[in-house]
1. Mind jotting down the three principal axis lengths of chain A based on Cα atoms? Whole angstrom, largest first.
2. Convex hull over the alpha-carbon atoms of the stretch A:413-560: what's its volume per residue in Å³?
3. Which value in nm describes the separation of the simple spin-label points at residue A:545 and residue A:315, placed 7 Å from the Cα toward the beta carbon?
4. Restricting everything to alpha-carbon atoms, can you work out Rg to Rh for the stretch A:565-708 with a Kirkwood hydrodynamic radius?
5. Would you kindly compute the Cα radius of gyration of the stretch A:414-494 and its largest Cα-Cα separation (Dmax), both in Å?
6. Do any GluC sites (Glu not before Pro) in the stretch A:114-147 lie in a loop, going by DSSP, with at most 10 other beta-carbon atoms within 10 Å of their beta carbon, and if so which?
7. Please report Rg (one decimal) and Dmax (integer) in Å for the Cα set of the stretch A:348-432.
8. May I ask you to evaluate 6.51 cos²θ - 1.76 cosθ + 1.60, the Karplus curve with θ = phi - 60°, for each residue of the stretch B:353-362 and list the ³J(HN,Hα) values in order in whole Hz, giving x for glycine and proline?
Amino acid sequence: MSAPTQAPPTVVNFTVDGRQLSAPPGTLLIDACKRAGIEIPAFCYYEGYSLQAACRMCLVEVEKMPKLQTACTLPVMEGMIVRSETEQIAKARKGTLEFLLTNHPLDCPVCDKGGECELQDMVFRYGAGESRFTEMKQHEPERQWSPVVFYDPARCILCYRCVRVCNEGMGVGALGVTNRGVVSEIVPNKVDHLDCDECGACIDICPVGALTSDTYRYKTRPWEMQHVGTVCTHCSNGCKTTLGIRNGEIMRGNNRDRSGINGEFLCVKGRYGFDFTTHTERLTSPMIRINDKLEPASWSRALGFVAEKFKAVLAEGGKFGIVAGTHQSNEEYFYLQKFARNILGTANLDHRRTGDVVSLLAALNGNTNIGDATRLATADDLYRSPATLVIGTDLSQQHPFLAFQVRAAVRHFKAKVFTISEGPVREEKYAAKSIVAAPGEQLAALEQLREAAKAAGQLVVVYGDTVKGEGVPTLVAWANSLEIPVKFVALVDDSNSRGALDMGMMPDFLPGYQPAASKGLGLAEMLADPELAVFWSIGENPLAHSTLASRQAFVVAHSMFLDETAQRADVVFPSASAYEKNGTVTNVCGQVQRLKAAAQTMGVKADLEILGLLGKEMGFAAQLGVWSHDAVFKQIHAGVAGYNVPLPVILTGGAATTTSALGTSSVDVRVEDIQSARDTLFTSGSLGRYSKLLTSVPEYPGALYRRQ
Amino acid sequence: MFNEPHPLEVKIITKRFGLPNSASIDTYLANDGYKAFLKAVEMTPEDIINELKTSNLRGRGGAGFPTGMKWGFIPRDNPKPKYVVVNADESEPGTCKDRLLMENDPHQLIEGCLIAGRTIGAKRGYIYIRGEYRYLIDIMDKALAEAYAHGWLGQNIKGTGIDFDLYTHSGAGAYECGEESALLESLEGKRGVPRIRPPFPAVSGLYASPTVLNNVETFSSVPAILLMGGQAYADIGTPKNGGTRMLCVSGHVNRPGVYEVPLGFPMMTMINEVCGGMRNGKKLKGVIPGGSSSPVLRAEECDFPMDYDNYAARKTMAGSAGMMVMDEDTDIVKVALRTMRFYAHESCGWCIPCREGTTWLRKMLTRIDEGAGRRADIDLIHELSKNMLGRTFCPLGDAAAMPTIAFVEKFRDEFEARLRETAVPVTSPDQLIAIS
Amino acid sequence: MAITYSPALEAKLQEIWARYPEGRKRSAIIPMLIYAQDEVGSVTPELVEDLARRCEITPLQVEEVVGYYSMLHKEKWGKHHVQICTNIACLLMGGEELWHHATKRLGIGHRQVTADGLISLEEVECAGACAWAPCVVDGYEYHHHVTVEKLDQLLDSIQRVQ
């Protein structure tokens, strides 16, 4: 026992291959080496997940230790002398690979993983090129476990990454190991099929082609694709996704390069929910209503038709009603609100609001945080925070990445999680305390968490749509009374719901939450207004659940599909999806990221281009300015409060945190209009309806934890 | 079931075998039963551990780790509950001694556990018995019930203020669960896959709590050691090799059986006198000295006093004391194949070299046994075994590799003879021409 | 899907369950499985569901265990499960001959059941009877020093009782 006064060492010095290295105590040798640029091969070791020491590839020589040691389980120790490349080690690696290949089918020519397979790479680097195995191979046929997941036991090298990512990373535990010895294999939780999130994390993390996805298998070779990093267009979490593109078509989505805020996390929508882009009902030509029937028309004719009508209504002083979707780019919103306010002279501008960000900004106005200037949490804060309170949402269903962050915090830092929800939620499994309460009683339940939250010393509060209007200042006041640093996330639904708010897609606020001089109609009011002359929907489908009171309204719809709103439209513009356009989007935590056009669909145009062409057609090109996304982003960067973010971060595909604020503490947020769609992991509005993959998932969402 | 005792035996832990109702608590109490525990209550934990250290008692399960040291590693100030776990998963081929200890003297084992509990401050223990030994589980359960009924288990045992609960736990068929960390996984209701070590069970064992885990014979030796004193026990064996061991002799001898003899007892005396010599007057070919994991000894290597050091000097090991004696007619290729079939069947599959290596070797040995072997196979078997050795996750890989290496090195001629017997004749050039 | 056990087994399962500390009930799964399997005949999906619930784990975690341990089986075995050891000590003393004799006489192989469901055979690993080899285990009952004749007597007695 060392003297209690002696501080523990903050750094450990050791030698690897003659190089003097140092690392914090407790660092695993394999990580320390990686940081120093010394690569130690491994299949089973995976940063962030539990240790296995199963593959035996990372064996190294350590002086004074008789046997080879696994670098993946050995913490660095003072004075340790390690050799990572010796004849003995080379022989061991080669021997292990030779063992591994005995029962591997070597069907590389047709294997999805061929070309990006870790086993191929290892054999290439460490040998075992010659085959001395002449016996019969162990073989088991391939199985389909779900609409997404296929398992080929013969290819499986049993590294148990899939089991861990499902259990530890996703908190699902849908995969296990059965049998033993050479016939060991991975099994799904329903004996012959999976009941899970279908997130595909197991498939992506598989070092070989044992786990494959229905959307990608046998479709292409990896080297035939271009890889475009963009942002997922489904929920508001803003996961970076790398789309594999061949001939303009998306072949797959993943984030194996671990760029972006989400590392390699993606949910089923991010990985597989891109197939709406090639749905057979995708609109690829503008349409004009002729004799009460929508007929295909050329872009010039359709644009000219709308421009004439808009000019006429403008001249008559007719009422415009404009609604934007929640998947458009910041540039599109900014350009659109300029179009509405400056050209059409209207503040009747809205989008489907799904969470109360405005009240939060109002409640935080003039409220400085203890020890920190910013009170809006980023996705990283959720991972670093010693405690998180999730109130009024089913985080794992609606915000899978944020839920993943919270799980990782529990796993890596023993963070405390508290939940207040209407029904059972997955977080309960590892929560320090879970309270089930009806929406109206959730704020009252906060008091039960006071002591535990206070004891954590720091807190992030994540709230859903049950906390809105007056509820938000109540929540903030409770948080302030804890007298510890507290940050917040106001949850919103879709990929750019937050951007729509930030860009002033509201009747009451200009971009950057500047109060509008004159207030316009909200979405509900527009729909109910019998006088409306023009109803213009840019990527929203408000008529799916509502009717338009104005019979005579001229309806223009930008849409990917002939949805309810498009069916009622007089002119339909086929619009590009977020995967087909450039620009920026802002996630639920206020982090701006870049959209990069990945796929191409003939005949469609991005909303920004449609807006620009329409403005030009109406003769307002000069007032509206260039409709290139770069030019518009410059205006946002320069003019929208909170968006003065470092440009290089965005240009290089990073996430820049905005600093939105509201100059006032009292606002009318039209509480009744705020309503989350309560999407599940397998629904995503119109995008989900037109995704074959998402609609094919048989188990009902959430079954996994609700049933228990 | 046990064999007739032999005069050369030194009966310390088998002394009650053969008494009427030897498994009953009455017989046990009438023959020094539970006296050692009462003595232990008067001793400090340090005294008990020192007594064990003095006795030179080493783990009887196979690894031979000094027991006193093992118990001394328990952090007794750790606030977590502590556990006593008995490894009664006896499944090393050649080994059948723990069975006798549980069948004939279950209370001796219970008392050993009780002393361990008293020493480390454990209030709970489990006896992990292989599932095949159901009748022994029944015997142990009955003995435990008797011990509870007589107040030797439970709360405030005999007014000492000591609480100790002991239960049996059935396995379900897995050799790997004899490995201590795999046993703990199994005891926690999981697959019997070993754990990454360190931490060792003494620090983080059952339910991540400090745990003393020993073999049945080890625990069963403890009461006698406390009663006779560590020094007296040590004096029975050779230096550094204290006491007696139960040797399980099987194979081609006239009187196979389990015999308790001092450590350092000569192997040839064991075979020729205690076991009555070779069956049918055959010559000795070799001995697998310490269970199937131990490298085979050729007949000329077998004349030595059996203590831990002498086994090591012959590059083999005392292991679990399962001595399998083979006469001149024994087919070594068959024995090597059966050994590898066993390990391939029992490999848990966790790590690559063991999972794939044992199966590959099994397939090659099968081919040689069936007469389809090639000359290069023999060297390949040797090389693949070396490729497993020291590189696997747990000792099972070594246990499969070591005997195989020894079989090939020491009986290479037998492997080669198999190739010759079935050598495919070389096709003559004439025939080749005829075909064209 | 519900499963019911005999009162004796139910009591046994509860007694096993009680051996483990609070929050550690997973420990009971293997003993419970093996005792329940003896009565139910095999590890059925209903049994998995029920024991998973009792031990506070998922059915998948039970499946993992069932796949691992060689004594746990999902297929029905014969009324008499005859296990013949052919490991080294038994091999030296004629275990293989016993095995071949049994397969020939019964016309079934490893882990197979006779058509009448009376006997199933398994070639097992070391059963711990090396000094009394070769050994045959009928259910949980050990037979030592078995010869072909003694094996025949055993099989005769099984078939006669029926």
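Every read-out reported here was derived from the displayed coordinates using simple, explicitly stated rules and does not represent laboratory data. Note that the structure is a prediction, hence the values are computed from the model and not measured. Positions of Cβ are backbone-derived with ideal geometry, glycine not excepted, and every protein chain shown enters the neighbour counts.
1. Result, largest extent first: 91, 62, 48 Å.
2. On the way: hull volume 25.5 nm³, N = 148.
Roughly 173 Å³ of hull volume per residue.
3. Each label point lies 7 Å from its Cα, and together they span 4.0 nm.
4. Details: Rg = 19.4 Å, Rh = 19.0 Å.
Across the stretch A:565-708, the Cα-based Rg/Rh ratio is 1.02.
5. 12.1, 34
6. Details: sites: A:116, A:118, A:130, A:135, A:142; in loops: A:116, A:130, A:135, A:142.
Answer by residue number: A:130.
7. 14.7, 48
8. Result, ordered by residue: x, 6, 4, 7, x, 4, 6, 4, 4, 4 Hz.
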